[in-house]
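The values are calculated or read from the model by the stated rules, or taken from the named source; none is laboratory data. Quantities reported herein were computed from a predicted structural model and do not represent experimental measurements. Note that we place each Cβ from the backbone using ideal geometry, even for glycine, and neighbour counts take in every protein chain shown.
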Amino acid sequence: MTDRYASFVQSAAGRAVVKRLGLPDPPRLRRHHLGDPLLPGPALLGTATGGRLAEPVGTILTAAGVELRDATDAGPQDRFGALVYDASGITDSTQLRQLYDFFHPHARAVLPSGRVILLGTPPDECPTPREATAQRALEGLVRSIGKEFGRGTTAQLVHVTRAAGDGVLTSLESTLRFLLSGRSAYVSGQVIRVGAGEASVPADWDRPLDGQVVLVTGAARGIGAALAKVLARDGAQVVALDIPAAGDALAAVANDIGGTAVQLDLTAPDAPTRLADHLASRHGRVDVVVHNAGITRDKTLGRMDADRWDQVLDVNLSSQERINDVLLERGLIPTGGRIVSVSSIAGIAGNRGQTNYATSKAGVIGLVDSLAPTLRERGISVNAVAPGFIETRLTARIPLVVREAGRRMNSLAQGGLPVDVAETIGWLAWPASGAVSGNVVRVCGQSLLGA
Ligand code: NAD
């Protein structure tokens, strides 16, 4: 599906009309291509007094080939690919002024599709109420910058645990590489937590999933097909699963990426054991499980028959639980394993006509919250992504006026692409991202829904 309005806006005639009438102005987003530098220009790195993260972040960025500047050598004409600020030293609200002092002079110096990243301490790890209050305040700045800077610039807050460990720094590196690059084009206004956990540095950051066996459910089309492609590009051996009726499309996806296809209805009573048997006999393990398959059966609650309720809950939530249980019981997800589930902003905000769907997708968030602490002990991370409006067959079915509203009601004034969700899931799946667990990351262009 194409966004004709966005194409029009990017034409010369379109630009004139949009400016004159004050219409939404969706910018062309920077997306990742193999070999791209992380940023379109240098990064300005600043720190509040006493920050503990600027030094390791400087080392990470330099190693990743980013040209670094600090505020003392930044002139008024300079333009930046990113503004990165270590706010971890802020322990009292009176010190928040340092944020203004850093961002104000450079607020208009960020290049198109630039990045703003604030680094802080999780408020629940702060030793005093004053510090927790000041750290919590950072969210308001980040979310407002995401709405204010425009031209495809995104803004995120990264909470980095105080706990020591190599895993923390490795996952901070994987997170920064994701957020600065075009992989995170449609992710904005997010708070991402890097906690304690094991993580391993890849031999090659261009192939961060090298040698990993990855299961993708619902891989025949839409987000799942994009996922299979992105994960294979990143080095994974992909097992693509979908219903038998989608067999031809599934085979085409699997052939295209040199992966394998499994035709299985996830709601069949024997699906978990058949899947586990297949993975055990072919691969001996599955490093990454991506629960992407999902359906909608929309009706307002008063008009919804029980079948619509049952089908949606079963495909979108209960089948994920049954499959996790069997794969974990049989030890098929090894230490270093990853589970990534696809939720939705409907699961956060709720949606008219989608009581069944929103219940299932909120349940997915519950699954992440409840499994993350226990699986962390086994060295397995579990996260969810919550897509907003993504251009697929699912959203093409929405009536035109509602569809246009969904597309534009976000800071980037456009729908996301399946590849945007796929890149986000890819980052969570990397062996380097093991200390990122228990997160729900929205891929919604900072949608107003549920914000
Ligand atoms: P899609 O309908 O294009 O693809 C979903 C795939 O899942 C299909 O290939 C389908 O055959 C498969 N599937 C459905 N039931 C299955 C079952 N019982 N067993 C095996 N496979 C099954 O949808 P999409 O837009 O690509 O969505 C992918 C995921 O993203 C879903 O979980 C959806 O809820 C979620 N999501 C999508 C959007 C969006 O805007 N497109 C927004 C939020 C969340």
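Worth a mention:
- Residues being under 18 Å from R352 (Cβ atoms) and more than 9 Å from the ligand (Cβ to nearest atom) - total across the stretch 373-397: 1
- Consider the stretch 263-276 and keep the residues that are free of Cβ contacts under 8 Å to residues at least 24 places away in the same chain and within 21 Å of V288 (Cβ to Cβ). The one that is nearest to the ligand (Cβ to nearest atom) is L264.
- In the stretch 360-372, the residues that are near the ligand (Cβ under 10 Å from one of its atoms) and under 16 Å from the mean Cα position of the chain (by Cα): K361, V364
- Candidates L241, L227, L231: the one that is touching a residue at least 60 places away in the same chain (Cβ under 8 Å), within 17 Å of V286 (Cα to Cα), within 13 Å of the ligand (Cβ to nearest atom) and not in a loop (DSSP other than H, G, I, E, B) is L227.
- Taking every residue in the stretch 312-329 that is not assigned by the TED database to the domain that holds I365 and pairing it with any residue that is more than 10 Å from the ligand (Cβ to nearest atom), at least 6 positions away or on another chain, yields no pair with a Cβ-Cβ distance below 6 Å.
- Restricting attention to the stretch 246-262, the residues that are away from the ligand (no atom under 13 Å from the Cβ) and under 18 Å from I295 (Cβ atoms) add up to 0.
- Count of the stretch 288-311 residues which are part of a loop (DSSP other than H, G, I, E, B) and either within 14 Å of the ligand (Cβ to nearest atom) or in contact with a Gly (Cβ under 7 Å, 6 or more places away or on another chain) (or both): 9
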